[in-house]
Each structure stands twice: as C-alpha cells, then as structure tokens.
Amino acid sequence: MGLASIASSAYPRWNDGPAVQSVARGRLWFLDRLYPASTSYLMPFSVRLRGPLRHEALQAALHTVEQCHETLRTTFYQHGGTGMQVVHPFEPRGLKVVHMPPNDQETLCEALRHEQTRPFDLEAEPGWRV
C-alpha cells in the first residue's frame, strides 16, 4: 500500500457537497470580499533545491499533502447572504515547472515575486499553488 492510498483512507471526507463556511474560512472569505485584490493573507515561500530532482517523487509528495488537507481543495461562494464552501475531490494536477537561465538571479527573483504576489480567486481556485 503506497503513501497516497494510506493518506486518502486516513482522512475520509465527511461531507460531499456545499457546506456553510467554518468560522476561520469565513474570515478569509470576508477579507477576500472586502479587499478583492489583496495579497495580505498569502503565505508565499520558495525553496531552493540543489542537485538532481526526482520530479515524480516531489509531485507524489505534494499530491499526498493535498489529499490529506481538505482546505487545499476548498473554494468559496455566497448563497443567499451565507458564505458557503465546497471541498472538491482530489484531482492530481501537474507540477508547474519553470526553466530559468542559469546564474540569472534577477530573472529568478522577478518570476518568484510575480508568482508570490498574484492573488487567488477563491471562488474558482483552491488557495494553494505549487
């Protein structure tokens, strides 16, 4: 039994449809509606990896994290004045790979800055990008 199958069986979904937002998620939704283009709630980070990268292993690990944490698969909307949330089923996505020129720190920093300051559309996409 692989790690991904253990993870998915260890965290069963309790709800298969829209639900009223939790208090914490409601606060996030409220801030997003109040300041639509705000990035103040983002928690960007980057990791520098050295040496050979096993792309498939990294992707499998990130898929496992997403399977275990419903919040990474949740979108929000409003229905009749009530904030709602939908936890989407896990669907594997490809890992975004950006090839950069070697030793070009300026281009790398600009690409990171752009990616890390792009707001989320919480109605259309879950709140994490990899």
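Test residue 75 against the criterion of being surrounded by 10 or more Cβ atoms within 10 Å (Cβ to Cβ) and under 18 Å from residue 125 (Cα atoms), and give yes or no.
So residue 75 passes the test.
Only residues that are of a type in the set (Ser, Thr, Tyr) and over 20 Å from residue 21 (Cβ atoms): list them for the stretch 33-79, please.
Across the stretch 33-79, the qualifying residues are 39, 46, 64.
Inspect all residues belonging to the stretch 109-117 and state whether any of them is without any contact (Cβ under 8 Å) to a residue 60 or more places away in the chain and either in a loop (DSSP other than H, G, I, E, B) or in contact with a Leu (Cβ under 7 Å, 6 or more places away or on another chain) (or both).
For the stretch 109-117, residues without any contact (Cβ under 8 Å) to a residue 60 or more places away in the chain and either in a loop (DSSP other than H, G, I, E, B) or in contact with a Leu (Cβ under 7 Å, 6 or more places away or on another chain) (or both): absent.
Only residues in the stretch 80-105 that are farther than 14 Å from residue 125 by Cβ count as the first member; pair them with residues that are assigned to a loop (DSSP other than H, G, I, E, B), Cβ under 6 angstrom, at least 6 apart or cross-chain, and list the lot.
From residues that are farther than 14 Å from residue 125 by Cβ, the pairs are 83/21; 84/18.
To keep it simple, each residue is scored yes or no on (1) surrounded by 10 or more Cβ atoms within 10 Å (Cβ to Cβ); (2) among the charged types (D, E, K, R).
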{"position": "83", "(1), (2)": "yes, no"}
{"position": "88", "(1), (2)": "yes, no"}
{"position": "103", "(1), (2)": "no, no"}
{"position": "106", "(1), (2)": "no, yes"}
{"position": "110", "(1), (2)": "yes, yes"}
{"position": "113", "(1), (2)": "yes, yes"}
{"position": "119", "(1), (2)": "yes, no"}
{"position": "127", "(1), (2)": "yes, no"}
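Bear in mind these aren't lab numbers, they're just calculated from the coordinates by the rules spelled out. All of these numbers come straight from a predicted model, not from anything done at the bench. Every residue, glycine as well, gets a Cβ built from its backbone with ideal geometry; the counts of neighbours run over all protein chains shown.
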